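To start, the structure itself, in structure tokens.
Each reported figure results from applying straightforward, stated rules to the coordinates on display, with no laboratory input. On a predicted model such as this, the values are computed, not experimentally measured, just so you know. All Cβ positions, glycine included, derive from the backbone under ideal geometry; neighbour counts span all protein chains shown.
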Amino acid sequence: MESDFAGLSLDEEEEEILQVQNDSDPVSEEEILSLVGCFLTASIIHYPAMKSTMANLWHPVRGVQIRDLGEKRYLFKFFHNIDMERVINGAPWTFNNHLLILHKLKGGEDPLRVPLISSPFWVQVHGVPIGYYSDNLAMQLGNFIGNFQDYDGSSLGKENMNFMRIRVQVGIRRPLKRKKQVKFRNKCSYVRFQYERLTLFCFDCGRLGHNDSFCEAKMEAGVDVNELGWDLSLRAQSRRAQAMNSVRLREEGGSEGGTKKMGAFRGNRDWGCVKKFEGIVDPILGFNLESNMLSLQSERERAPFADN
Ligand SMILES: [Zn+2]
């Protein structure tokens with residue numbers, strides 16, 4: 001009887017909830033400054049090479065610490081918020097063409113358990129009549145593709161930007177969206193999506209991270225699926241390539257600079273480059289080798305060349 005009572009009391013003791021004193025409770029996001037990530041590939045990641053490549057790619061002013069957490073996950077610890085934000089805003093990143101899926105850690109999150117299932121992409125929307133560009137349409141299309149994050153309104157009115165550009169958090173477990181039927185006024189037409197810096201994806205099932213030789217969906221469906229539903233038209237030409245092309249491109253009558261028509265190009269960065277770098281742009285390489293000239297430009301003009 002007495003031992004029963006003692007046992008019960010032990011149960012009770014065991015059931016009694018121990019309140020964990022969380023020392024890290026007041027830790028704000030700024031103080032964590034860590035991203036957890038994995039590479040979307042079945043291949044082996046060469047850890048030392050990856051570490052130095054990412055550090056060189058990001059060149060954070062205050063440095064970055066990279067740790068192998070096991071289970072194909074890595075922890076990227078930064079020492080200044082600006083360094084970390086630059087990496088977040090510059091995503092998607094790749095190593096050996098493998099997409100790096102990143103997640104910004106919040107207080108109390110276990111880096112081995114947070115889901116790594118989406119990545120941001122800049123998506124170009126082609127086929128929208130220019131008069132219909134709007135924040136609202138950008139948001140609707142963004143949320144169709146994935147989760148809308150941002151709309152690059154700066155592309156508006158640019159001579160060579162006949163598409164909308166939206167930043168979307170794209171889920172990696174679902175097929176990439178290719179197009180969407182939209183009704184403009186009373187007429188239905190398709191808008192088509194092109195993803196900037198799109199990495200390896202499957203032409204069979206439309207998912208990121210593998211090709212059709214290693215497609216599980218294809219194997220389940222049996223051999224030789226009818227026709228491939230996805231193709232390279234989903235991959236946007238890189239902005240650098242666009243810039244390179246247009247450096248060589250001369251508008252008709254472009255040498256006369258002072259005409260009324262040329263005035264309309266003010267603000268078009270590509271035309272500005274042709275004008276500014278006439279005689280400086282290397283005709284073979286297609287870009288300016290004298291970087292000191294670039295430093296004379298305003299930040300705004302430099303921006304297109306600094307990224308991507
Ligand atoms: Zn597949």
Could you list V114, V123, V182 so that the one with the fewest beta carbons within 10 Å of its beta carbon is first and the one with the most is last? V114, V182, V123
How charged is the neighbourhood of V36? Take every other residue with its Cβ under 13 Å from the Cβ of V36, and add Lys/Arg as +1 and Asp/Glu as -1. +3
Beyond 28 Å (Cα-Cα) in this structure, taken from K104/K177; K104/K218; K72/K104; K51/K106; K183/K218; K51/K104, we find K104/K218; K183/K218
Using the Karplus equation 6.51 cos²θ - 1.76 cosθ + 1.60 (θ = phi - 60°), what ³J(HN,Hα) coupling, rounded to whole Hz, does each residue of segment 128-135 give in order, writing x for Gly and Pro? 8, x, 3, x, 9, 4, 7, 4
By how many nm would the segment from F184 to L10 lengthen if fully extended, with 0.36 nm per residue of separation less the alpha-carbon distance? 55.5 nm
Can you work out the FRET efficiency for the pair N211 and E85, with r the C-beta to C-beta distance and R0 = 25 Å, to the nearest 0.05? 0.15
Note, ³J(HN,Hα) from phi for segment 10-17, Karplus 6.51, -1.76, 1.60, rounded to Hz, x at Gly and Pro: 5, 4, 4, 4, 5, 6, 4, 7
Can you tally the net charge around S118? Count Lys and Arg as +1, Asp and Glu as -1, for every other residue whose Cβ sits under 12 Å from the Cβ of S118. +2
So who's got an amide H within less than 5 Å of the one on Y151, skipping anything under 5 residues away but keeping other chains? H placed 1.01 Å off N, in plane. R167
